[in-house]
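Have a look at the structure below, then the notes.
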Amino acid sequence: MHINTGNPLELILVLVGVALLPFVVVLMTSFTKVIVIFSLVRTGIGLQSSPPNIVLNGLALILSFYVMFPVLSDTYQLAEKANIQNVTLSTIVPIINMIKEPMQTFLNNNTRMSTQKFFVVTAKRIWPPKYGSTVSKTDFIILIPSFLVSELTAAFQIGFILYLPFIIIDLVISNILMALGMMMLSPTTISLPFKLLLFCFVDGWTRLMDGLIMTYRIS
């Protein structure tokens, strides 16, 4: 693949595209759900900055790459078959149309139908008729926000379930301290080691990552 940098405007657009790449990773991969759940687990345990954000982001990034590897591999193979030699401003849209199918399938398979329907109905209601009449649930303008909302919803649902055992430990420790008359002692200080012990005892990180990976449909 060769990028035509003879036109300054095209070079600027390429640089803008590279700068927007992190947003693409957040919007169109499993990164959002993974990092939200990791953050909720850390908060549920009661840890403020351990593991640090850079560790959680790195773990979420590599796990997202693991989940997305078949999609990225299929996209790369389509790009090779298309024999893309020269990328210019006028050829960007045709190139995207040629290689979009794997990503489009992934987003569609991992998006709730009700969310897709909401965005399609809303688009037909607020967009001009010439745009609203042709919109489809498989269009990226529908798939991307639908996928992101679906991921956030699933992350909060999973986070609620993960919070429950930690809340139970906090309540038990709090009641024990009250029964002993030690009301001046913070229950969080005492419950933290027990929550860490529980998380390690059930092999929490491995089970959590296994559960997250299995929530995705690649094909």
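Since every read-out is calculated from the coordinates, none of them should be taken as a lab result. Because the structure is predicted, anything quoted here is derived from the model rather than measured. Reconstructed Cβ throughout: ideal geometry from the backbone, glycine too, with neighbour counts over all protein chains shown.
When only alpha carbons are used to place a centre, segment 180-219 and segment 126-174 end up 23 Å from one another.
Since only V36, F119, A19 are under comparison, the one whose Cα sits farthest along the positive direction of the charge dipole of the chain, derived from C-beta charges on Lys, Arg, Asp and Glu, is F119. Cross-linked pairs K81/K124; K81/K130; K117/K195; K137/K195; K33/K117; K33/K124: Cα-Cα separations exceed 32 Å for K81/K124; K81/K130; K117/K195; K137/K195. Here K100 is the anchor, and the aspartates and glutamates within straight C-alpha reach of less than 14 Å, apart from those fewer than 8 places off in the same chain, are D74, E80, D139. All C-alpha pair distances within segment 89-219, sorted into 5 Å bins from zero, spread as 2, 9, 12, 13, 12, 10, 8, 8, 7, 6, 6, 4, 2, 1, 0 percent across the bins. Classify the chain from the C-alpha gyration tensor, please: rounded if a/c falls under 1.5, else prolate or oblate depending on whether a/b exceeds b/c. Prolate, because a/c is 1.5 or more and a/b exceeds b/c. Dipole magnitude for the chain: about 580 debye, using +1 per Lys or Arg Cβ and -1 per Asp or Glu Cβ, origin at the Cα centre. As a rough footprinting exposure proxy, the listed residues F106, F201 were ranked by other beta carbons within 10 Å of their own, and the order from fewest upward is F201, F106. Among complete DSSP H helices in the chain, those whose alpha-carbon atoms stretch at least 24 Å along the helix's long axis and whose mean Kyte-Doolittle hydropathy reaches 1.6 are 140-179.
In percent, rounded to a whole number, the relative contact order of the chain is 28, using alpha-carbon pairs under 8 Å and six or more apart.
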